[in-house]
1. Work out, step by step, the length gained on full extension between Thr404 and Ile160: first 0.36 nm times the residue separation, then minus their alpha carbon distance; give nm to one decimal.
2. Between beta-carbons, use under 13 Å as the cut-off and find the net charge around Asn248, counting Lys and Arg +1, Asp and Glu -1.
3. So, in nm, how far is label Leu397 from label Ile376 when the simple model puts each one 7 Å beyond its Cα toward the Cβ?
4. With only alpha-carbon atoms in the gyration tensor, what are the semi-axes of the equivalent ellipsoid for segment 290-368, in Å, largest first?
5. So which trypsin sites (Lys or Arg not before Pro) in segment 149-254 are both in a DSSP loop and have at most 15 other Cβ atoms within 10 Å of their Cβ?
6. Using r as the Cβ-Cβ distance of Asn169 and Ile30, and R0 as 25 Å, what FRET efficiency do you calculate, to the nearest 0.05?
7. Hey, what's the Kirkwood Rh for segment 330-441 if you take every pair of different alpha carbons, in angstrom?
8. Between Trp215 and Ile363, what length comes free when the chain is fully extended (0.36 nm per residue of separation minus the Cα-Cα distance, one decimal in nm)?
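Coordinate-derived values only; no laboratory data. Predicted, not measured: the structure shown is a model, and the values here were computed from it. Cβ placement follows ideal geometry from the backbone for every residue including glycine, while neighbour counts extend to all protein chains displayed.
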Amino acid sequence: MGNEIGKTQIITSLLWKFIERVGTQGIQFIIMIILARFLLPEDFGLIVVVTIFISIATVITQSGFNAALIQAKKIDELDLSSVFYLNIFIATILYSILFFISPFIASFFEQPQLTPVLKILSISLFFGAFNSLQHTIIARDMQFKKLFISSLSGVIISGIIGITMAYSNLGIWALVIQQLLFHIIITVTLWYTVKWRPQLSFSMERLGRLFSFGWKLLLSSLIDTIYSNIKNLIIGKLYSPSILGFYNRGEQFPSVLVNNINGSILSVMFPALSSQQDNTKRMKEMMRRAIVTSSFIVFPMMVGLAVIAEPLVKFLLTEKWLPAVPFLQIFCAIYALWPIHTANLQAINALGRSDIYLKLEIIKKVLGIVILIVTIPFGVYAIAVGSIVSGIISSFLNAYPNITLLNYSLKEQFSDISSSLLISLIMGGVIYTIHWTNLPDIIKIFAQVFSGVILYIGLAKLLRLEILNYLVLTMKEIFKKNKEITVKEIYE
């Protein structure tokens, strides 16, 4: 299995990945809004606590080897089958551990409900391990349209059932069943859409070869996941599930937007960059394009979202969720930095330098822990603000290796994003003035979004930003080269 990738395939894959992410996460976001109106903040807070442990177990089960399979120039059936059986074996061990320690976790947080919730929701580990190889094959072959039906089916069916259970006053169990069903449906549909089946073969030698690259990514992902969840752990323990619920809902809004845009670009860019790992000049060009494109789209979204945060939360989630507004605004600043973080890290991984990636993760996490320790005595908002400081410093750290690896200087990177950042801030300052009016929330939101889009595009044209023309031409090229993408083909 090789992975030579051309421009047309990249564009087509990007389109399908974007459709899949926007479709599924957009619907998932709407479902979460509906569930939030029926359920209490503490219900979401308890699910966040459970997710901490499941996320760590998922990383151990799936990360490292799967990324190594994507990065490798050539793989065969023996590689795939060996990783598949290893993933299932690890999932079994980790589920057993979570099952037996669940009462102790519930006791630590003084929340008895956590015991059965963790036992049941941890079953998702098996489904994730089972379909992780299908995801790997899809990523290598850049056949992202195969994810479309499985993801869309999973989110719609599980969402309808979850909302029905929430309406029936089943509380936190509506969230548990909704999430578990989502994983089950995706696994079943991928089994039929991806025609790969594990063979009765296993090789420790092949695993050892993949492990030489993958273990660094595994450890890096594990460090990142533990670090990302340690704030939730602390907030859940020191404060209350409701405060954790507000914190988590505040993160969800910017997370959905950034993951849809930036995540779509970078899901495609990793295999694309990996295919050019012997051509650093071409890699630099592709990486610069990714950073410029992501920044041009993400910056105005984050600035605009921070501006409309209060009326948006009040309108969508009702006033009981207003304490989530400050967290939402803080996370907008954090997620605005993601295009810089992820593009640099993807390039490092695509070059096969997982050793550098691991060193960066260790340095950033040590720094983040120090900032966290300093901010804890000052309260939950200080903890969130500390993440902004950590994110800014991490941006420079992530960019530094590519000065040497790709000859991509910090000055060049700042220059590539500065125009988008400037006009985003100007746009945000202008539309914020609408906040002082006495318009109804829905009218206020519409007025700010509409005027913000017009102003941002107008400023981009006024400054003659090349990225605007590039996006317009790219969209025309996508529709021209992909006329074969029809409703009929979607279901084939």
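1. 82.8 nm
2. -1
3. 1.9
4. 32, 16, 8
5. Lys195
6. Here the calculated transfer efficiency is 0.75.
7. 16.1
8. 51.5 nm
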